[in-house]
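The values are calculated or read from the model by the stated rules, or taken from the named source; none is laboratory data. Remember, predicted model here, so these are calculated numbers, not experimental data. Using ideal geometry, Cβ is built from the backbone for each residue, glycine included, and neighbour counts are taken over all protein chains shown. Side chains included, ligands, DNA and RNA excluded: accessible areas come from the protein's heavy atoms. Shrake-Rupley method; radii C 1.70, N 1.55, O 1.52, S 1.80 Å.
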Amino acid sequence: MTSQESRSPASWVRLLALFSAAGFIESFFFGQLNAFVPLYLPRLGIAGDQVAVWTGAIASVSGAIGIPFLPFWGALADRYSRQPIIVRSFVAHLVSALTMLLAGNIWVFAIGRSVVSLALGNSGLMMTTLSERAPQNRVGLAFSIMNAAPPLGAFLGPLVSGPAMDAWGLSALLLADVILMLLVIVALTVGYRDRFLAKRSAPLVTMAVESVRLIWRSARLRALFVALFLLFAGWMLAFTYAPLVITALYSGDEPGTAVGVILGLGGLAALVLSPIVGALADRFGHWRVLFAGAAVAVLLWPLPWLASGLVSFGISWALINGLVSAVFAISFTVLSSSAPSEARGRVMSFAYLPVNVGFMMGPAIGSVVTRGSIFAIFPTAAVLTALGIAVLWLAARQPAEPV
């Protein structure tokens, strides 16, 4: 097939729809786990005063296990093919859901939860494939649509599933997730033809090490990744513990529904704020708006801590999550523009690494700071975001091209 045919509207739009749907379902699953695992832990024998500690520990470990494998997924894709590596991520989700569904104790459940981290690396490969299929003047649009699906799924997962959680429990949700993952695996296997031709024959370990060295040689990329780790560690810290805050403020007998509604408001706010912030970034500069958005987030993070009830907490939570989701989307553009054009695909394969490391760092910090009060996560998130801005300033001062 010619390059022109591969970039035809029917080809890239269909692929964009497939990748966006897959990303939405993946994050829908992730949103359910984040919202409802804390509510499920007592059924696995965890005492009420230990739920916060176990919530942070499970989230941190599950985020850490898959990170060492990340360079190898990109190397395998470059050496052989992208499609099976993308499909692999949803097989990991399927195995994870099945293991948690069948778990009879906390240790088996924690193992199943950790399998999720073996799915890392799929979004970068999808974006690289889209950049090759979409017309050059539509790549930005394709990226923005695809990367809007995961935050939406992460927030709508709890909103849609809350009543089911109250009625039938987490097991019913996991069974539904197994079915959804099977459908995604079939869709990606049948509906996505991989036209990528491998051009490298070097050993996989060598290719994996080269990917890491590529980022390490660039002063800007080194600093930028650290900055994004810190920015999103605060977000993931709050995101992990928000269900426990909501249940602490809620006095009814349908906690799953309450958690789903409050977290779902964050998704609706992201739908409104992300396009607005994105338009501002296109007009005034991505770096400038990234700084401004992160600075406003520092000011907003204490608001949920000061909330006096569930309504005021829900409003402040929606506002901060909508803004941080928009900042998250802008970060992809800044990361892409900071990479050399000839190596942009390899750099972008690490695009979701900051938020994954943030998901590991944030809950680990939270397992300590929540021992005094569960509400301590919000000022802690403000401090982490402020540190991220400081490192982001250092990154912006470095040359874009690697040394």
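Points to keep in mind about this one:
- Qualifying residue in region 284-292 (condition: surrounded by fewer than 20 Cβ atoms within 10 Å (Cβ to Cβ), in a helix (DSSP H, G or I) and modelled with pLDDT under 85): yes
- Residue match in region 304-314 (condition: touching a residue at least 60 places away in the same chain (Cβ under 8 Å), open to solvent by less than 50 Å² (accessible area, probe 1.4 Å) and in a loop (DSSP other than H, G, I, E, B)): yes
- Any hit, region 264-274, residues being buried (at least 22 other Cβ atoms within 10 Å of the Cβ) and not in a helix (DSSP H, G or I): no
- Answer residue from region 9-31, given it is of a type in the set (Phe, Trp, Tyr) and in contact with a His (Cβ under 9 Å, 6 or more places away or on another chain) and is surrounded by the most Cβ atoms within 10 Å (Cβ to Cβ) among those: 29
- Being at pLDDT 85 or above, among the small types (Gly, Ala, Ser) and open to solvent by 30 Å² or more (accessible area, probe 1.4 Å) is a property that residue 171 has.
- Answer residue from region 182-196, given it is open to solvent by less than 60 Å² (accessible area, probe 1.4 Å) and in contact with a Ser or Thr (Cβ under 9 Å, 6 or more places away or on another chain) and is farthest from residue 247 (Cα to Cα) among those: 196
- Subset of region 118-130 (residues that are part of a helix (DSSP H, G or I), surrounded by 22 or more Cβ atoms within 10 Å (Cβ to Cβ) and under 17 Å from the mean Cα position of the chain (by Cα)): 119, 122, 123, 124, 125, 126, 127
- Here residue 279 does not fit the description of being open to solvent by 40 Å² or more (accessible area, probe 1.4 Å), modelled with pLDDT of 90 or more and more than 16 Å from residue 232 (Cβ to Cβ).
- Residue 133 vs. criteria crowded, with 18+ Cβ neighbours inside 10 Å, of a type in the set (Lys, Arg) and under 25 Å from residue 11 (Cα atoms): yes
- All told, residue 247 meets the bar of being in a helix (DSSP H, G or I), farther than 22 Å from residue 340 by Cα, open to solvent by 40 Å² or more (accessible area, probe 1.4 Å) and modelled with pLDDT of 80 or more.
- Verdict on residue 177 being modelled with pLDDT of 80 or more and buried (at least 23 other Cβ atoms within 10 Å of the Cβ): yes
- Residue within region 218-240 that is open to solvent by less than 40 Å² (accessible area, probe 1.4 Å) and not in a helix (DSSP H, G or I) present: yes
- Listed by position, the helices (runs of 4 or more DSSP H) contained in region 32-104 that have at least 1 residues being open to solvent by 30 Å² or more (accessible area, probe 1.4 Å), of a type in the set (D, E, K, R) and in contact (Cβ under 8 Å) with a residue 12 or more places away in the chain are 70-79, 83-102.
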